[in-house]
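A short write-up of the structure that comes next.
The values are calculated or read from the model by the stated rules, or taken from the named source; none is laboratory data. Since this is a predicted model, take the numbers as computed values, not measurements. Cβ coordinates were reconstructed from backbone atoms using ideal geometry, including for glycine residues, and neighbour counts include every protein chain displayed. We work out accessible area using only protein heavy atoms, side chains counted, and drop any ligands, DNA or RNA first. Shrake-Rupley method; radii C 1.70, N 1.55, O 1.52, S 1.80 Å.
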Amino acid sequence: MAGLSVQHTPIPGLLVLDLDVREDPRGWFKENWQREKMVAAGLPDFEPVQNNISFNLAAGTTRGVHAEPWDKFVSVGTGRAFGAWVDLRQGPSFGTSFTTEITPGVAVFVPRGVGNAFQTLEDGTCYTYLVNDHWRPDAHYAALALDDPTVDIAWPIDLAGAEISEKDRTANPRLAEVTAMPPRSTLVLGASGQLGHALAGELPGNRAVGRRELDLADPASLGAWPWWDHDVVVNAAAWTAVDAAEDERRAAWAANATGPAQLAVIARRHRLTLVHYSTDYVFDGSVTPHREDEPVSPLGVYGQTKAAGELAVASVPRHYVLRTSWLVGEGQNFVRTMARLADSGTCPRVVDDQWGRLTFTHELARATRHLLDVGAPFGTYHVSNGGPPASWADVARSVFALRGRDPEDVTRVSTAEYTAGLATAPRPVHSTFDLTRLEETGFVPVAWPEALASYVAGLPQAG
Ligand SMILES: NC(=O)c1ccc[n+]([C@@H]2O[C@H](COP(=O)([O-])OP(=O)(O)OC[C@H]3O[C@@H](n4cnc5c(N)ncnc54)[C@H](OP(=O)(O)O)[C@@H]3O)[C@@H](O)[C@H]2O)c1
């Protein structure tokens, strides 16, 4: 296909392809759709799932202007058509139009939300188009009157005598009345958790839902969701009760592994970018700092379920697995507990032989937004606040100092001493992440002592 070329148009993302049509005495042949060569030539890898053909008896048959919620790749098999497109997406290019003649040697890539219309120029024109979502009767889409005076499409054949469906002739609004198509949005799962709360506040235009609206462990709930409304899904939902997971294995596996595996299937099917969170507990803690390519070696059920979830999510072409450690945000967490104990005059014993760095949910949400905004390479990233690795006792002592207490009031103990007689899950000794991969994307982590100071300053004094 030496003649293949892709040209841009005044409508962002609307592309015209010149195809290589080979003629001989028998007729002609073309590769109407050839993913590898077309993507190399500049076409988006748009993953079509349905091929439609509209056969048009008479010249002058006119259809449109329809902006369905999926991408299209149009051409003709026989005959010729005058193609017209109007941008009906929200944004500065709304109302921009473009026209060109479609022959077997021309194909046009029409992005979601751009109104598509054509008028056949010969009898028996066979108009064919690929789409990247299955047609569904409940799909809402924008449409525009064919004779809209603002856009003023120069139809070669007068619309008055053209073959047009009743709906296209009478039902579609003028440009001023068109409801522009919004872009696909970001969906945040687990919105009532610590991280979900921070993500809902950070990611632009997101829709954030809790378990009641979307239950990750319930296939029916996942199956009923309108995934086509989204382009990014950020999964902050998880079973996070580390000790309880040892006994409640089914619930932990459902939320942390089976659910994410189903999300991965959905993300592949709907071409979603899937952001998923994992943990330092996928490691046995014998190595420090943890790099992204360290083999997983979870000690307990929680870590095992999270490791399984990661593997499933990694099968999604557009995925980010963000492993994080020692999360602190809204809700109950270690720092809040230490602040409360400091305020109430308590002198706690805190383990001093587990090492890591705090991750404030705001920092993790900021890193998530950064990776999405810069289009960082897909894959796994380690994300925590920066600063020196510390033990839990070090963190507790910092909180005590910030609350005006003597840090020495926190007694350092070993994990073995602290957990004697308690049924606790095994925990990694070393949780510190190597942040190089994240930093190479241009993200500068805030040091945890600095983030801790502003977090603790915002906590109310316990009575
Ligand atoms: N917390 C940490 O120290 C830590 C450390 C490393 C990694 N991580 C990871 O970071 C992520 C966020 O953790 P987090 O601390 O924000 O957790 P969190 O506060 O416990 O929030 C988790 C949320 O997930 C929801 N959820 C649980 N099962 C669900 C289901 N089947 N369907 C829908 N929602 C469900 C919970 O809802 P309910 O309230 O209804 O149960 C909760 O709102 C998780 O992936 C976690 O594994 C956390």
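Key figures
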{"item": "Unique residue being more than 12 Å from the ligand (Cβ to nearest atom), at pLDDT 95 or above and of a type outside the set (D, E, K, R) when the list is P260, P289", "result": "P289"}
{"item": "First in region 168-182 and closer than 17 Å to S93 by Cα, second anywhere and in a loop (DSSP other than H, G, I, E, B) and of a type in the set (F, W, Y), Cβ under 6 Å, 6 or more apart", "result": "A180/F94"}
{"item": "A367 under 23 Å from P204 (Cβ atoms), touching a residue at least 24 places away in the same chain (Cβ under 8 Å), among the hydrophobic types (A, V, I, L, M, F, W, C) and crowded, with 23+ Cβ neighbours inside 10 Å", "result": "yes"}
{"item": "Helices (runs of 4 or more DSSP H) wholly inside region 321-428 that include at least 1 residues being within 14 Å of the ligand (Cβ to nearest atom)", "result": "334-343, 361-374, 392-402"}
{"item": "Condition met for W355 (touching a residue at least 12 places away in the same chain (Cβ under 8 Å), closer than 27 Å to N235 by Cα and open to solvent by 40 Å² or more (accessible area, probe 1.4 Å))", "result": "yes"}
{"item": "Any hit, region 238-257, residues being surrounded by 19 or more Cβ atoms within 10 Å (Cβ to Cβ), within 16 Å of the chain's Cα centre (by Cα) and within 16 Å of the ligand (Cβ to nearest atom)", "result": "no"}
{"item": "Residue that is open to solvent by 50 Å² or more (accessible area, probe 1.4 Å), closer than 22 Å to R357 by Cα, of a type outside the set (D, E) and assigned to a helix (DSSP H, G or I), where the choices are Q304, Q262", "result": "Q304"}
{"item": "Unmet criterion (only one of (1) of a type outside the set (A, V, I, L, M, F, W, C); (2) open to solvent by 10 Å² or more (accessible area, probe 1.4 Å); (3) touching a residue at least 40 places away in the same chain (Cβ under 8 Å); (4) within 12 Å of the ligand (Cβ to nearest atom)) for S221", "result": "(3)"}
{"item": "Residue among S325, S286, S297 that alone is in contact (Cβ under 8 Å) with a residue 12 or more places away in the chain, closer than 19 Å to S384 by Cα and over 24 Å from the mean Cα position of the chain (by Cα)", "result": "S286"}
